[in-house]
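Only one structure is covered here, and it is reproduced in the block below.
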Amino acid sequence: ALVIGGGPAGLEAALTLAAEYAISGWSDTAILLPWASGARLSLSELAELHGPMSSTNWRRVFCRCALVQLYIAAGYFDEGLAVLSEGISAADRAAFYGPEVHRLEGELRAKIAPSDPDGAEACFRKALDLAGARGEKSLALRAATSLAQLWHSQGMHGEARTVLAPVYGSFSEGFDLP
């Protein structure tokens, strides 16, 4: 197996291999290399990652979310919000991975305007409601964790526990995993 490192060089190598061997659908998912490696990219390196995402439906949305997480990690919150606004439609927000789109929007809003948490809270609640209604437990846990962290930062410790406990309690396996 060939393992390619993260960052722009790894992305370039993955894209070159995908083109050389006509591996369809790889170009947009190559964005996952720097995301998975935890790389912190510059704004210009992040901008270069916009081009590869040409596929439609769930993979494009998933890759956009990975890109937004790279923007968050690098501290470019306004730009991350622009990626969500420009690249993910209302229909995408209601489809697969929609709860994560709303959660990421909430994370960005919390970073951009920490003194106005209502927008972030609304996004986290929307993510939690959507994931809960569809039985997407891992996405519900991510949304509940984000909402609980927001409330905890506001001194609302009881409310944070109240929103997180039922979602966490719905899991019955996986506790012994590293």
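The values are calculated or read from the model by the stated rules, or taken from the named source; none is laboratory data. Computed from a predicted model, the values in this text were never measured in an experiment. For the accessible areas, the whole protein counts, side chains as well, though only heavy atoms, and no ligand, DNA or RNA atoms are used. Shrake-Rupley method; radii C 1.70, N 1.55, O 1.52, S 1.80 Å.
Can you give the extra length, in nm with one decimal, that the chain gains between Ala47 and Ser138 once fully stretched, where that is 0.36 nm per residue apart less the Cα-Cα distance? Intermediate values should be presented prior to the final figure.
Working: separation 91, 0.36 × 91 = 32.76 nm, distance 2.93 nm.
Stretched out fully, the Ala47 to Ser138 stretch lengthens by 29.8 nm.
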With θ taken as phi - 60° and the coefficients 6.51, -1.76 and 1.60, list the Karplus ³J(HN,Hα) couplings across the range 115-121 in order, rounded to whole Hz; mark glycine and proline as x. 7, 10, x, 4, x, 5, 4
Please give the contour-minus-distance gain from Ala95 to Asp176: 0.36 nm per residue of separation, less the Cα-Cα distance, rounded to one decimal in nm. 26.0 nm
So how exposed is Ser170, as accessible area in Å² (1.4 Å probe, rounded to 10)? 50 Å²
Tell me, what % of the accessible area of the range 94-178 is carbon and sulfur with a 1.4 angstrom probe? 57 percent
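On average, how much accessible surface per residue is there in the range 57-178, in Å², for a 1.4 Å probe, leaving out ligands, DNA and RNA? Could the numbers behind the result be given before it?
Values: 6240 Å² over 122 residues.
Roughly 51 Å² per residue, with all protein chains present.
Please list the three semi-axes, largest first and in whole Å, of the ellipsoid equivalent to the range 70-110, using sqrt of 5 times the eigenvalues of its alpha carbon gyration tensor. Don't skip to the end; give the middle numbers.
Values: eigenvalues 66, 21, 12 Å².
After scaling each eigenvalue by five and taking roots: 18, 10, 8 Å.
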Hey, if we sort Tyr168, Tyr76, Tyr71 by accessible area with the 1.4 Å probe, largest down, what's the order? Tyr168, Tyr76, Tyr71
From highest to lowest solvent-accessible area (probe 1.4 Å; ligands, DNA and RNA excluded), Leu147, Leu43 read Leu43, Leu147
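In what order, largest first, do His102, His152 sit by accessible area if the probe radius is 1.4 Å? Write down the numbers at each step before the final one.
Values: His102 20, His152 105 Å².
Ranked from most to least accessible, the order is His152, His102.
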Can you tell me the length gained on complete extension of the stretch Trp58 to Glu86, counting 0.36 nm per residue apart and subtracting the Cα distance? 8.5 nm
Computed log₁₀ I(q)/I(0) - Debye formula, equal Cα scatterers, no solvent, the range 64-178, q 0.09, 0.12, 0.15, 0.22 Å⁻¹: -0.23, -0.42, -0.65, -1.23
How large is the accessible surface of Thr16 in square angstrom, using a 1.4 angstrom probe and rounding to the nearest 10? 80 Å²
